[in-house]
Amino acid sequence: MTATMDHPHIVSFVGVVLEYMDGGELRSLLNNYLESKKPVGFNREKATIALQVCHALTYLHSLMLSVIHRDLKSRNILLGSNMKAKLSDFGISLTAGVGTSLWMAPEVMLGKHYDDKADIFSFGVVLLELDVHTLPYARAKKENLDSNGREMIDSILLQKVALGTLQVEFSNPKPRSIGELGRACISIDPTERPSAAEALYRLQVILSKRRVV
């Protein structure tokens, strides 16, 4: 799948191997931010990573035969030494499977028909990761303990997500417009989510107006 795509924000093949990305996974960077207690919210670097991921999604969704990534998450976003972000891991796109549950849209969890708006939900969860640096629903797990003081297990958590009674929580980041975009992306109703092109435009406007530093 990746070998047939040509986009600056999608990892390319070099011969028979994938392009080397020496910055590693976005998840590793966010883990470092957690350990070093970096401030939550969006600076220009994090907003630019979001923009670049959105560029890749816009490309995928606009192909003549639209491609749904199906497994968008921070571990599948790779960084170069210059912090240029690229999407990777298109195996699920090729096999028509579905991806990792914590990033999955409710309609996918429920086995309903889904389209490229499922990727937009996952993108909204990635925006949450960029905002607060934790894995999805980390706060909800800690705040919803059972009678033995144990964190909520994933199966119960995902039932709540699928039913729309639990969502990821943003930090009220600045600029506020990025938080608003993130909340729109994780709408329970797929028709209320922006398209990749709409999300891309909103991020371009935010960055062009110097609302992030």
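The values are calculated or read from the model by the stated rules, or taken from the named source; none is laboratory data. Just so it is clear, the structure is predicted and the values come from calculations on it, not from any experiment. Here Cβ is always computed from backbone atoms with ideal geometry, including for glycine, and neighbour counts include all displayed protein chains.
Some points to look at:
- Test: residue in the range 188-203 that is within 23 Å of Leu29 (Cα to Cα), among the hydroxyl-bearing types (Ser, Thr, Tyr) and not in a helix (DSSP H, G or I): no
- No other residue among Gly97, Gly111 is surrounded by fewer than 14 Cβ atoms within 10 Å (Cβ to Cβ), assigned to a loop (DSSP other than H, G, I, E, B), out of contact with any strand residue (DSSP E or B) (no Cβ under 6 Å at 6 or more places or on another chain) and modelled with pLDDT of 90 or more apart from Gly111.
Matching residues to (1) within 11 Å of Ile10 (Cα to Cα); (2) not polar (S, T, N, Q):
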| position | (1), (2) |
| --- | --- |
| Val53 | yes, yes |
| Ala56 | yes, yes |
| Leu63 | no, yes |
| Ser66 | no, no |
| Lys73 | no, yes |
| Asn76 | yes, no |
| Leu87 | yes, yes |
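- Options Met64, Met83: the member that is free of Cβ contacts under 8 Å to residues at least 12 places away in the same chain and either among the small types (Gly, Ala, Ser) or in a loop (DSSP other than H, G, I, E, B) (or both): Met64
- Unmet criterion (only one of (1) more than 20 Å from Asp189 (Cβ to Cβ); (2) modelled with pLDDT of 90 or more; (3) buried (at least 17 other Cβ atoms within 10 Å of the Cβ); (4) of a type in the set (Ser, Thr, Tyr)) for Ser62: (3)
- Which listed residue is closer than 24 Å to Pro194 by Cβ, crowded, with 18+ Cβ neighbours inside 10 Å and modelled with pLDDT of 95 or more, from Asp116, Asp71, Asp89: Asp116
- Residues in the range 154-187 that are of a type in the set (A, V, I, L, M), outside any loop (DSSP other than H, G, I, E, B) and within 18 Å of the chain's Cα centre (by Cα) were compared, and the one that is modelled with the lowest pLDDT is Leu158.
- Within the range 128-170, the set of residues being touching a Leu at 6+ places or on another chain (Cβ under 9 Å) and farther than 21 Å from Ala105 by Cα comprises Asn144, Glu151.
- Qualifying positions in the range 185-198 - surrounded by fewer than 19 Cβ atoms within 10 Å (Cβ to Cβ) and either of a type in the set (D, E, K, R) or within 21 Å of Thr134 (Cβ to Cβ) (or both): Asp189, Glu192, Glu198
- Residue ID - surrounded by the most Cβ atoms within 10 Å (Cβ to Cβ), chosen from residues in the range 119-138 that are in a loop (DSSP other than H, G, I, E, B) and of a type outside the set (A, V, I, L, M, F, W, C): Pro136
- Every pair of residues 6+ apart whose Cβ atoms lie under 9 Å, when the first sits in the range 160-189 and is farther than 23 Å from Phe42 by Cβ while the second is surrounded by fewer than 18 Cβ atoms within 10 Å (Cβ to Cβ) and among the hydroxyl-bearing types (Ser, Thr, Tyr): Val161/Ser101
- Residue match in the range 18-29 (condition: more than 16 Å from the chain's Cα centre (by Cα), at pLDDT 90 or above and exposed (fewer than 15 other Cβ atoms within 10 Å of the Cβ)): no
- Selection status of Tyr201, free of Cβ contacts under 8 Å to residues at least 60 places away in the same chain, crowded, with 19+ Cβ neighbours inside 10 Å and either more than 14 Å from the chain's Cα centre (by Cα) or under 28 Å from Lys86 (Cα atoms) (or both): no
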